[in-house]
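Enquirer: Shown below is the structure under consideration.
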Amino acid sequence: MKKLLLGTVLSLSTLFGAASNALAADKVNINMSLVFQQNELLTQELIKVTDNIRERTDGSVNIKVFPGGQLPVYKDNLEQVVNGANWIAVEDLSYLGDYVPDFAALAGPMLYNNYDEYLALMQSDYVADLKEQVEKKGIKVLNADYIFGFRHMITNKEIKTPEDMKGMRIRVPGSQLFISTLQAMGASPAALPFPETYAGVQQGVVDGLEGSILTMYSTKIYEVAKNMSKTGHFLGTVGLYISPSVWDKLDAEQQKIVMEEILAGAKSNTEQLVKLDEEYTQKLKEEGVTFNDVDTAAFNKLTAQVYNEFPAWSKDVHATINAELEKIRASK
């Protein structure tokens, strides 16, 4: 009898051990890399998203957020995804342009009048087709609805017209789209790592940068640059990208949970952004920041040429995107 009981115990132990090992094997650890700082809204929303995913999947989908450029960002971020790493890249749509050129045009200058127009465009058949194309190149777009605000000029000099920007060295990300746009606007763009930007402005290495209200407040750039000229030349957005091969490691229920939480996070992010735009504008004014309007038509006319500077883009891509946006505006 003792031998029988011992055998039963050993069999059960082996069975539970195998089950435990199977569960451990099914656990997927994924790094999420982004350039945004720990205290910025978008980072905080993504931390909530990944916490919810971890909880709802009982830890089987463990996504760890690495903000502030701790891991590779920009082009190197996307390369991790394409190479099949357990990785989610959080980057501007322009970086997808290295794989499907027209994707970058969605992040082009002077397109959107408000957040809703952008969000509606992301749900269009036009964008769905681009997502299919880029997935064939090894990048699955989980979501592209994360917004961090319109980008404006942040300097100590008031800017109202393109003439005011002549000769000014303005920090931009290392993206040709940003560089071409700032050149068209009259500036001399300088590709400087963001962590070096505060000191760069303080020491006069650059005359300023372009960025959102949230970025200006959250990173305390207002301490070294006291003017925001509201060019709205870009709408700051990012997408979340993963390798299709990594995505396929998740079962249907895990995929459903991930998509639900990422979408919920995007909606929460937009809601909070609208509130913080107003709140931070007031706080920046209290910190001595001056806001001024610009000759938008003049900048719009100059930046239209940017769409012709990328030979890989479809010849009529600017007109195509504008036509999609006009349909969205007409439906309101």
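The values are calculated or read from the model by the stated rules, or taken from the named source; none is laboratory data. All of these numbers come straight from a predicted model, not from anything done at the bench. With ideal geometry, Cβ positions are generated from the backbone for all residues, glycine too; neighbour counts draw on all protein chains shown. With ligands, DNA and RNA removed, areas are computed over all heavy atoms of the protein, side chains included. Shrake-Rupley method; radii C 1.70, N 1.55, O 1.52, S 1.80 Å.
Enquirer: By accessible area of protein heavy atoms, probe 1.4 Å, what ranking do E158, E278 get, highest first?
Expert: Descending order: E278, E158.
Enquirer: Then there is this: Under 10 Å, Cα contacts only: if you run a Gaussian network model on the chain, which one of A107, A184, A120 comes out with the highest mean-square fluctuation?
Expert: A120
Enquirer: On to the next question. Note down the relative contact order for the range 178-307 as a percent, whole number, built from C-alpha pairs under 8 angstrom at least six residues apart.
Expert: Relative contact order for the range 178-307 comes out at 43 percent.
Enquirer: Given Cβ point charges of +1 (Lys, Arg) and -1 (Asp, Glu) and nothing else, what value in debye, to the nearest 20, does the dipole of the chain about its Cα centre take?
Expert: 680 debye
Enquirer: Sticking with this structure for a sec: Cut-off under 20 Å on the C-alpha distance; same-chain residues fewer than 8 positions from K48 excluded. Which lysines are left, in chain and number order?
Expert: K27, K64, K256, K267, K275
Enquirer: Hey, another quick one. Report, largest value first, the span of the C-alpha coordinates of the chain along each principal axis, in whole Å.
Expert: Sorted from largest, the Cα extents of the chain read 95, 43, 35 Å.
Enquirer: Hey, can you grab everything whose amide H is under 5 Å from the amide H of N143? Only 5+ residues off in sequence or another chain; H modelled, so Pro and N-termini drop out.
Expert: L240
Enquirer: Once you sort the root eigenvalues of the Cα gyration tensor of the range 147-273 as a ≥ b ≥ c, which label holds: rounded (a/c under 1.5), prolate (a/b larger than b/c) or oblate (the other case)?
Expert: prolate
Enquirer: How big is the dipole moment of the range 109-204 about its Cα centre under a simple scheme where the beta carbon of each Lys and Arg is +1, that of each Asp and Glu is -1, and everything else is neutral? Debye, nearest 20, please.
Expert: For the range 109-204, the charge dipole is close to 420 debye.
Enquirer: Also, quick follow-up: Taking 8 Å as the Cα distance limit and 6 or more residues as the minimum spacing, I'd like the relative contact order of the chain as a percentage.
Expert: 23 percent
Enquirer: Okay, moving on. Could you tell me whether the range 239-311 comes out rounded, prolate or oblate from its Cα gyration tensor? Rule is a ≥ b ≥ c as square roots of the eigenvalues, rounded for a/c under 1.5, then prolate if a/b exceeds b/c, otherwise oblate.
Expert: Here the range 239-311 falls in the oblate category.
Enquirer: Another question, then. Return the percentage of antiparallel bridges among DSSP beta bridges fully within the chain, rounded to the nearest 5 %.
Expert: 50 percent
Enquirer: Ignoring ligands and nucleic acids, what accessible area does Y74 show with a 1.4 Å probe (Å², nearest 10)?
Expert: We get 60 Å² for Y74.
Enquirer: Which of the peptides 216-226, 122-132 is most tightly packed, and how do the rest follow, judged by the mean count of other Cβ atoms within 10 Å per residue?
Expert: 216-226, 122-132
Enquirer: Go through G200, Q176, S218 and say which Cα lies farthest out towards the positive end of the charge dipole of the range 153-286; charges sit on Cβ, +1 for Lys and Arg, -1 for Asp and Glu.
Expert: In the range 153-286, that residue is G200.
Enquirer: Continuing with the same structure: Helix-only estimate, please: 222 nm mean residue ellipticity of the chain, summing -39500 (n - 2.57) across DSSP H runs of length 4 or more and dividing by its residues, to the nearest 500.
Expert: Helix-only estimate at 222 nm: -14500 deg cm²/dmol.
Enquirer: Okay, moving on. Solvent-accessible area of H233, probe 1.4 Å, all protein chains present, reported in Å² to the nearest ten, please.
Expert: 0 Å²
Enquirer: Where the accessible area of the chain is counted over protein heavy atoms with a 1.4 Å probe, how much of it, in %, is carbon and sulfur?
Expert: Within the chain, the accessible surface is 51 percent carbon and sulfur.
Enquirer: Between the range 154-211 and the range 264-328, what is the separation of their alpha carbon centroids in Å?
Expert: About 17 Å separates the Cα centre of the range 154-211 from the one of the range 264-328.
Enquirer: Using Cα springs under 10 Å in a Gaussian network model of the chain, which residue among I213, I321, I139 shows the largest mean-square fluctuation?
Expert: Evaluated over the chain, the most mobile residue of the options is I321.
Enquirer: Given the whole protein assembly as supplied and a 1.4 Å probe, what does the accessible area of R54 come to in Å², nearest 10?
Expert: Near enough 70 Å² of accessible area.
Enquirer: List the residues whose amide H sits under 5 Å from the amide H of G149, counting only those 5 or more places along or on another chain, with H placed 1.01 Å from N in the peptide plane.
Expert: It is G236, by chain and number.
Enquirer: Compare the Cα positions of L235, Q305, S188 along the charge dipole of the range 178-332 (+1 at Cβ of Lys, Arg; -1 at Cβ of Asp, Glu; about the Cα centre) and return the one farthest towards the positive end.
Expert: The Cα lying farthest towards the positive end belongs to Q305.
Enquirer: Given +1 on the Cβ of Lys and Arg, -1 on the Cβ of Asp and Glu, and no further charges, what dipole in debye does the range 207-332 carry about its Cα centre, rounded to the nearest 20?
Expert: The calculation lands at about 240 debye.
Enquirer: Taking only protein heavy atoms and a 1.4 Å probe, what accessible area per residue, in Å², does the range 150-290 have with all protein chains in place?
Expert: Normalised by residue count, the accessible surface of the range 150-290 is 41 Å².
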